[in-house]
Amino acid sequence: MTDFTQKFKLKTNPFRLTPATNPNELVWAGFVDIKSKFERRIERSIRIPNSTLVLNWGEYGSGKTHAARYFSKLDVLQDLASKADRAVPYSFVFSLPKGKEPVYSVFISIIDKLDIDHIRASFQHILPRLNDFIDSITANIHIRSVIKAVFESSVPFLDIKKYLYGTMNSSELKSLNSVGILRLLKDDTDYASVISLLFSCLTFNKEVFSCIVVWIDEFEDIAVLNNTNIDKINNFIREILDNVPNNLLLFLNLTQSALISVEDLGQYVYDSVRSRIKERISFDLPSKDVLKLYLKDLLSFFRVGEDVNLFFPFDENVVDRIISEQGNVSIRQFNESLSLLIELADMDDRSPITMEVFREYETDIIWHKD
Amino acid sequence: MGNICCLLDACTVISLIYIDSDGSLLKRMKKVEIKINDFVFSEIKDNVYINLNSQFNSKYINRNALDNFRKEIDQRLTFFRSLKNDNEELLRDVGDDYFDRISCYTAYSKKRNGELCSAAYALYLSRVFEKKVFFYTEDYPARMFFSRFFNFQQIGHIKDTVDFLILLYWLDESFSRRMLENYLSELYSHKILPVVGFKQVLREFQSTKVDGRFARENRSLVGNIKELVIKLDNLDFRSINGHLDYFKSVRKKHGVFFNSIEKFFPIFELEVGGDSPSLLEKITHVNDEIKKNQIFKWKDIFPA
């Protein structure tokens, strides 16, 4: 048992992990209302066919990225799917690209996360039906051939991956001529068409995957794009929603800042996209009770052994004091303060963290009330 | 434009290179007499490629597009190269210590840079060629500093890239309002993307490096970063150079951190004094304003 664990009865510092990237460290503590909103939303998309656009908004550090990562965990999605007695969803999380070619960036980040081997193995038993479906859904023969090659095990895995990444030269492309692929993907229309058809196929009859859940994080960065790229992003989202009428759940994570608030959205998101927003999930700044519940819950995930004080190593009056001193702050700021407090106490071998201990460190950890 | 001359600073030229998506802006510049100081051109060459990586998100880079854009930058540089003077020739005319004399006269405390050379070159153009010089820069602190020199010596005025775009707009009948709006949007994006990137780097540092021990041992660095992040978040560029001076003062101790933020230093040129609007605010304001109020071109002043 490490010194830290002995002192604080915790596996590790739980506040350093937000937002965690390692799925094993990703836990959902407290915030039961928001959690159930997402569970209900995803479960609905698992059950029903309609594609949906949802806007998640809140201040910086209010937990939007954490929600995206948590609800992309396979075990979390599997639990929701089991409740609905359907197949598991396929989830993608990426940030809104800020570069010169946003649609290309989105396309590449989706290809990055595409496990072609797994997909091929999962669809092998329904391949003939899937091919018929592909023929029926689009008149674009080139795009049909590309998507069929993604699912067709006889096409070398590396060839199709290189093709999708656009790193194939013209002589290498000859290896795909026999499956009807005669040219490279070249523009945003191609990328949107491939993604749309891919999503429709992955959720074919909800047999292998019940729905696609896409999270576009940092969507507020649309406010820093130029008019051309704002156009491209809007057209891309509209095309995807038009061409994937079923089984797509698209979350847009929007952080309110000096640059953009929900009211400003109309300047950047066209009516054709905005009118598709069916639900808004707000990450409000947490109240005192919500923060305390969160803290108890979080500490219990990392607890080693037991303690009668559910806030251990913190005295409850210390927790109350931090909350009242900081005023309305985001969950990230709350975590940062507690993280510094526990680390400073660790360095000085102070446990439990009483009001006396807190006072010594107060100026180091309380820094931002606004 | 008669005896008016537009002298461009490095930041303005780099912005013009990046926002000119189809190369047509350069063609429009042929309507005005443009000058660039030799020293400024060296700064342009040194810095013009820095933005490429942020423009082409490094992880999802499209090699072909990157190569094409690099070629476009090279071509545009060739255009601007043709507008630069030769400082050796200039100094043969007015003496080797000319820049030092102007630096001394204006009490400029920084080492020789593009803004100082441009101010000195502007005086030369004014006196030798009897030109009214408009110096276009995005460096607001330099603009504040040299304004008195330009005014008192009756050299001309110091303006920014937004003013230059408006000048090109009213001079050219084929330059539509929609085009102006798009260039302003490109300029806004070009200027704000590094601010967003800088904020991300600072926040990444806060969340990965600032633990209890670090915070205790480096209170002022941690405090400086926190304050700067809040300012950048609010697009508040007042007194941001105080943070830059602090970061420079701890460069030896925090070399890795310093190197990670060095490429964002042009952001500090956005500093404004008092309640003056920043360049970003000005772009937003002008973009709103031109939708409501007409900027007259020559034919607009005559009755229809």
Chain lengthening between residue B:86 and residue B:201 when straightened (0.36 nm per residue, less Cα-Cα): 37.5 nm
Computed magnitude of the charge dipole of region B:177-282 (debye, nearest 20; Cβ of K, R +1, Cβ of D, E -1): 380 debye
Whole-Å distance, taken between Cα centres, linking region A:290-359 and region B:67-84: 57 Å
28 Å Cα-Cα reach of residue B:291 towards lysines, excluding residues that sit fewer than 8 places from it in its own chain: A:98, A:100, A:232, B:27, B:30, B:31, B:159, B:191, B:282, B:299
Burial order of peptide ranges B:248-257, A:325-334 (average beta-carbon count within 10 Å, highest first): A:325-334, B:248-257
Degrees between helix B:38-47 axis and first principal axis of chain B (Cα, 0 to 90, nearest 10): 40 degrees
Length gained when the stretch residue B:182-residue B:262 is fully extended (0.36 nm per residue, less Cα-Cα span): 25.8 nm
Alpha carbon centroid spacing (whole Å) that separates region A:130-151 from region A:209-271: 27 Å
Calculated FRET value between residue A:363 and residue B:208, using beta carbons and R₀ = 25 Å, to 0.05: 0.60
Pairwise label distance in nanometres, residue B:304 with residue A:205, each label 7 Å out on the Cα-Cβ vector: 6.5 nm
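Given axes a ≥ b ≥ c from the Cα gyration tensor, I'd like to know whether region B:4-171 is rounded (a/c under 1.5), prolate (a/b larger than b/c) or oblate. The partial results should precede the final answer.
Working: a/c = 1.99, a/b = 1.69, b/c = 1.18.
The shape class here is prolate.
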Label point at residue A:83 placed 7 Å out along Cα→Cβ; residues across region A:45-71 whose backbone nitrogen lies under 13 Å: A:45-47, A:71
Chain A: angle of helix A:331-347 to the longest principal axis, Cα-based, in degrees nearest 10: 50 degrees
Label point distance in nm, residue B:72-residue B:226, each placed 7 Å from Cα along Cα→Cβ: 4.3 nm
Reachable lysines from residue B:248, criterion Cα separation under 21 angstrom, eight or more residues apart if same chain: B:110, B:111, B:199, B:209, B:226, B:231, B:263
Farthest toward positive dipole pole in the protein assembly as shown [+1 Lys/Arg, -1 Asp/Glu at C-beta], among B:287, A:234, B:261: A:234
Lys, Arg +1 and Asp, Glu -1 on Cβ, resulting dipole of region A:216-286 about Cα centre, debye, nearest 20: 240 debye
Cα shape, region A:258-363, gyration tensor, a/c 1.5 rule: prolate
Dipole of region B:164-268, positive end: most advanced residue of B:223, B:239, B:201 [Cβ charges, Cα centre]: B:223
Candidates B:37, B:241, B:113, ranked by Gaussian network fluctuation over chain B, Cα under 10 Å, top entry: B:113
Residue among A:335, A:268, A:52 farthest towards the positive dipole end of chain A, charges placed on Cβ: A:52
Charged-residue dipole, Cβ positions (Lys, Arg, Asp, Glu), the protein assembly as shown about Cα centre, Debye nearest 20: 1000 debye
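Based on the mean of other beta carbon atoms within 10 Å per residue, what is the order of B:200-212, A:171-183, most packed first? Could the numbers behind the result be given before it?
Values: B:200-212: 16.4, A:171-183: 13.9.
Taking the mean over residues of other Cβ atoms within 10 Å, the ranking is B:200-212, A:171-183.
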Degrees, to the nearest 10: A:316-326 long Cα axis against longest axis of chain A: 70 degrees
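Read-outs throughout are calculated quantities, based only on the coordinates presented, and are distinct from any laboratory measurement. Just so you know, these numbers come straight off a predicted model, no measurement behind them. Positions of Cβ are backbone-derived with ideal geometry, glycine not excepted, and every protein chain shown enters the neighbour counts.
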